[in-house]
Amino acid sequence: MSALAELCQEICNCQKCEISRSRTRAVPGEGPDNAEIMFIGEAPGYHEDQQGRPFVGQAGQFLSELLASIGLQRPDVYITNIIKTRPPGNRDPLPVEINNCKAWLDRQLEIIHPKMIVTLGRYSMARFFPGKTISQIHGASVTKDGVIYFAMYHPAAALHQQSLRDTIMKDMQKIPALLQANAGEAPAEASVAAAKQLPLF
Ligand code: URA
């Protein structure tokens, strides 16, 4: 079994939080262990809890559309969440839950070592861009130790707001050029300058 598959099994057996008792399934994440891009959302919802897979509901459908818009499919990327168990009633994750799950995400990052980490929504943004607000930094990136960190609105935010949907679509279009630039290649179409670099990490 691969290191990533073993880790997923450990995550599925984790009972550190009270919410592990009410879940149907844990949702460790999915994708190849050599994924270049890792998308990190907030927490599993109803459908994810039922299926044990991340982003399989409406927000997930939009995420698949976003990926397709830059020529990617779900199996090309790694998709996970800040916490791996559905909070009852889809309430916000508690600080203790985020803290308990931190080591799982750390280990996923160690194994996959993605070239780009895309945060979806404020909880994953808080992990990598502490003190920032999503309205300030969405569509902006920071490169540190060769890894690009890129903040986006959560796809669920777009479900009822067309203007945010357009913003998320536009932010997504910046990803290929950022990856190419980081690999030392000239960006094909989109300009990297369009994705402003944040001064601070
Ligand atoms: N929202 C998330 O943040 N993660 C999921 O897996 C599904 C919806």
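The values are calculated or read from the model by the stated rules, or taken from the named source; none is laboratory data. Everything numeric in this text was worked out from a predicted model, so none of it was measured. Backbone-built Cβ (ideal geometry, glycine too); neighbour counts: all protein chains shown. In case anyone asks, the SASA skips ligands and DNA or RNA and just uses the protein heavy atoms, side chains included. Shrake-Rupley method; radii C 1.70, N 1.55, O 1.52, S 1.80 Å.
Shape verdict for the range 27-76, please, from the Cα gyration tensor: rounded (a/c under 1.5), prolate (a/b greater than b/c) or oblate. Here the range 27-76 falls in the oblate category.
Anisotropy class assigned to the range 1-47 is oblate, per the alpha carbon gyration tensor with a/c at or over the 1.5 cut-off and a/b no larger than b/c. In this structure the chain gives 49 Å² per residue of accessible area when probed at 1.4 Å with all protein chains present. Its relative contact order, with pairs defined as Cα atoms under 8 Å and 6+ residues apart, puts the chain at 21 percent.
Shown is the FRET efficiency for V147 and S22, computed with R0 = 35 Å from the Cβ-Cβ distance and rounded to the nearest 0.05: 0.50.
Per residue of the chain, the DSSP helices (runs of n ≥ 4 H) give a summed -39500 (n - 2.57) that works out to -11500 deg cm²/dmol at 222 nm. Taking a point 7 Å out from the Cα of Q51 in the direction of its Cβ, the residues of the range 128-167 whose backbone N falls within less than 20 Å of it are 154-160.
Stokes-Einstein, applied to the Kirkwood radius of the chain over Cα pairs at a viscosity of 1.002 mPa s and 20 °C, places its translational diffusion at 126 µm² s⁻¹. Scalar couplings 3J(HN,Hα) for the range 110-124, obtained by applying the Karplus form with A = 6.51, B = -1.76, C = 1.60 to θ = phi - 60°, are 4, 6, 7, 6, x, 7, 9, 10, 10, 8, 10, x, 6, 5, 6 Hz; x denotes Gly and Pro. If you take the square roots of the eigenvalues of the alpha-carbon gyration tensor of the range 1-103 and sort them as a ≥ b ≥ c, do you get rounded (a/c under 1.5), prolate (a/b over b/c) or oblate? Because a/c hits 1.5 or more and a/b fails to exceed b/c, the range 1-103 counts as oblate. Coupling constants for the range 2-13 follow from the phi torsions by the Karplus curve (6.51 cos²θ - 1.76 cosθ + 1.60, θ = phi - 60°), and in residue order they are 6, 4, 5, 5, 5, 4, 4, 5, 4, 4, 5, 8 Hz; glycine and proline get x. Under 16 Å Cα-Cα from K84, which lysines qualify once same-chain neighbours fewer than 8 residues away are excluded? Within reach: K16, K102.
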